[in-house]
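These notes concern the structure reproduced below.
The values are calculated or read from the model by the stated rules, or taken from the named source; none is laboratory data. All values derive from a computational prediction rather than experimental measurement. Note that we place each Cβ from the backbone using ideal geometry, even for glycine, and neighbour counts take in every protein chain shown. Heads up: the accessible areas ignore ligands, DNA and RNA and are worked out on the full protein's heavy atoms, side chains in. Shrake-Rupley method; radii C 1.70, N 1.55, O 1.52, S 1.80 Å.
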Amino acid sequence: MKFQYRYYGSTSVDASDTTQAFSLAPDTLRPPTSFQGELRRSGGVHLAFREALSALHSVVVSDQRYRGRDPSAYKTWLEANENTLLTQYMQQAQTLRAEASAVTSELKTLRNQKDTLLRPFYIARQKYFNWLYLANRDAWYVLDPVITVHPERLLFEAFSQDESSYCAVSVSHNVFSRTAEMACGTTNIDYSIGLFDEFQKIRDYKATSFQVDPAGFSVATGSDPAFREEKIDLPDSWVRGFLQVSSAMTLPATVLELHPMDLHNLCATLRQHKERAGPRSLRFELSPGQPARLVFEPWGIELTARRSAIVGTPLSEPRSIRLWGRRRLLTLERLIALATRVRVHLLGTGMPSFWVIEMGEISVTLGLSGWTANDWSAAGRFNLLAPRHTVSAATKQAVAAALQRDWVATPAELAARTALPEADVSAALALWVQAGRAVYDLPGQRYAWRELSREPLPLETLRFASPEEDAALKLVQARGGVTLKDIGASGDGQLRITGTVKDGKREFSPSLLLNADEQLRDAQCGCNFFQQNKLRRGPCAHMLALRQVAQPKLNETRTQRAVTAGEAA
């Protein structure tokens, strides 16, 4: 996918001993978006604002893909000692000495010729990459951060280069002592390493102003030399991963509230120890009525979070959840001293996790894929775990219009404003999230209107790229391929769906456990895909096929419940 931006000038910072003014250049190809405000000088908001945007920067430049060790030093040593080692060997093999000597001499000559020819290239290439990373690190960025101006807050979003980490910074307008007129909307901002350096200079004794500059939107002609255009060609996986983050946020999760010192102890343990071998997981041991225990593998170090608590429905049985890629949590290290609340949303073992750090009027959400090498695009099609019933185009447009009017709202609020069933509203919101037009605000537990790109995303290549979903459709269309056995209650308002699916010469018996919102809570299947991946890569084709066949019955049951509730009222 190709993204095109046009900035009027560049992001700039005017600083003196007593003032600091940030002026961010927005993408003028998007609808006009602007904001201007001055940070309060009380309550420590300067420090919280600085550290939150520093965490966002850490994600923007993050790339923890494994590259292996540099073998150049070993090869140099081997080249210097090769003749000696070969001589020692030849002393033990008298009969091969003459032949090996000739081969070694020829090989040495060829290697010398190769080194002579390629050494200038290798040296120049390494110098260039060293200079590029240190002097022009902006060239390593994938996509400028996305900023959304809402009537009550600013939302900054960024995605890492390795596609495994997502960061959202929500800043309430209460952080600013005064604000000017604003134009709500979403835009990309011109971001640079110099801007990060200026963020580090924010102090409470300086009057700090912050604005998304609307100047470029008022220029009559695009031929003005101040305009600067950028074109970035992004892989589909990067865009698809960004969309999957919000889909994963809406899934049922075990929410654990930690004390900020628990996060400090976690980061300190990671700093003090270096793993040499696996497993490299962080294990959460959760028991009803007991504080959470954090176990670091492979060392077996155990930390007891004595002030922790489960948020929402209490646990009915012990639960063990393992996470990988734990060193990405060091991104949150700078926020610990300012944190007022830390909440961890755990989707399950090997599944994504969301770490929400609240600092008064500012919150930071860090979304991590199952492990570092498993990017958000490959981690699983989390939109496939959401309720699977269709809604009309009119319903989708009504929900979009209501959300655009208020910018942020819960499904219940939108259902009241549109007079639509809440289940239909939730399904429509899920579709807008998958289209990149809305985002789920995890700290506020509500949806917000946010358009990821200026042009509509090609959903035919982004949303339906799952081979499991294609296979499920073929199974449903096959005569006698899917048989629904039963939809029964399973306690706590949950539903258990059972059935059989014929796949070639084999027959499987998948079962699905849905919560009260018809979201997939758990599932089982005997196929090889599920046995290898569980739900870490999304549901298998047999689960999707059974869910699709069962959906009309679920819709009928939901309608009956609504009618019964209306008669009772």
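Per-structure values
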item	result
Tally, over region 39-67, of residues that are in contact with a strand residue (DSSP E or B) (Cβ under 9 Å, 6 or more places away or on another chain), open to solvent by 40 Å² or more (accessible area, probe 1.4 Å) and not in a helix (DSSP H, G or I)	5
Hits in region 528-538 - residues which are in a loop (DSSP other than H, G, I, E, B) and out of contact with any helix residue (DSSP H, G or I) (no Cβ under 6 Å at 6 or more places or on another chain)	LYS534, LEU535, ARG536, ARG537
Every residue from region 199-209 that is part of a loop (DSSP other than H, G, I, E, B) and in contact with a helix residue (DSSP H, G or I) (Cβ under 6 Å, 6 or more places away or on another chain)	ILE202, ASP204
Verdict on THR461 being open to solvent by 50 Å² or more (accessible area, probe 1.4 Å) and at pLDDT below 80	yes
Top-ranked residue in region 496-513 [being of a type in the set (D, E, K, R) and outside any loop (DSSP other than H, G, I, E, B); ranked as farthest from ASN528 (Cα to Cα)]	ARG496
Matching residues in region 507-553 - criterion: being of a type in the set (S, T, N, Q) and either within 19 Å of MET351 (Cβ to Cβ) or free of Cβ contacts under 8 Å to residues at least 60 places away in the same chain (or both)	SER509, SER511, ASN515, GLN519, GLN524, ASN528, GLN531, GLN532, ASN533
Residue in region 316-323 that is over 23 Å from the mean Cα position of the chain (by Cα) and farther than 30 Å from GLY538 by Cβ present	no
Region 199-209, subset of a type outside the set (A, V, I, L, M, F, W, C) and farther than 16 Å from ILE362 by Cβ, residue most open to solvent (accessible area, probe 1.4 Å)	TYR205
Strands (runs of 3 or more DSSP E) within region 143-198 that include 2 or more residues closer than 30 Å to GLY350 by Cβ and open to solvent by less than 10 Å² (accessible area, probe 1.4 Å)	153-159, 165-172
Residue, surrounded by the fewest Cβ atoms within 10 Å (Cβ to Cβ), within region 414-433, restricted to residues that are assigned to a helix (DSSP H, G or I) and without any contact (Cβ under 8 Å) to a residue 12 or more places away in the chain	ALA416
Close pairs from region 250-278: first closer than 30 Å to ALA430 by Cβ, partner open to solvent by less than 60 Å² (accessible area, probe 1.4 Å) and among the β-branched types (Val, Ile, Thr), Cβ under 6 Å, at least 6 apart	VAL255/VAL311; LEU256/VAL344; GLU257/VAL311; LEU258/VAL342
Unique match (being out of contact with any Pro (no Cβ under 7 Å at 6 or more places or on another chain), at pLDDT 95 or above and open to solvent by 10 Å² or more (accessible area, probe 1.4 Å)) among ARG343, ARG327, ARG319	ARG343
Per-region count, region 494-509, residues buried (at least 18 other Cβ atoms within 10 Å of the Cβ) and small (Gly, Ala, Ser)	1
Residues of region 8-38 satisfying the condition of being open to solvent by less than 20 Å² (accessible area, probe 1.4 Å) and among the hydrophobic types (A, V, I, L, M, F, W, C)	PHE22, LEU24, ALA25, PHE35
Per-region count, region 2-61, residues touching a Gly at 6+ places or on another chain (Cβ under 8 Å) and farther than 21 Å from ASP204 by Cα	11
Checklist (1) basic (Lys, Arg); (2) outside any loop (DSSP other than H, G, I, E, B); (3) surrounded by fewer than 20 Cβ atoms within 10 Å (Cβ to Cβ) applied to ARG307, failing item	(2)
Residue check, GLU229 at pLDDT 90 or above, open to solvent by 20 Å² or more (accessible area, probe 1.4 Å) and touching a Lys or Arg at 6+ places or on another chain (Cβ under 7 Å)	no
Residues within region 514-565 that are over 27 Å from the mean Cα position of the chain (by Cα), modelled with pLDDT under 75 and open to solvent by 50 Å² or more (accessible area, probe 1.4 Å), tallied	8
Qualifying positions in region 465-495 - more than 14 Å from LEU546 (Cα to Cα), in contact with a helix residue (DSSP H, G or I) (Cβ under 9 Å, 6 or more places away or on another chain) and in a loop (DSSP other than H, G, I, E, B)	ALA465, SER466
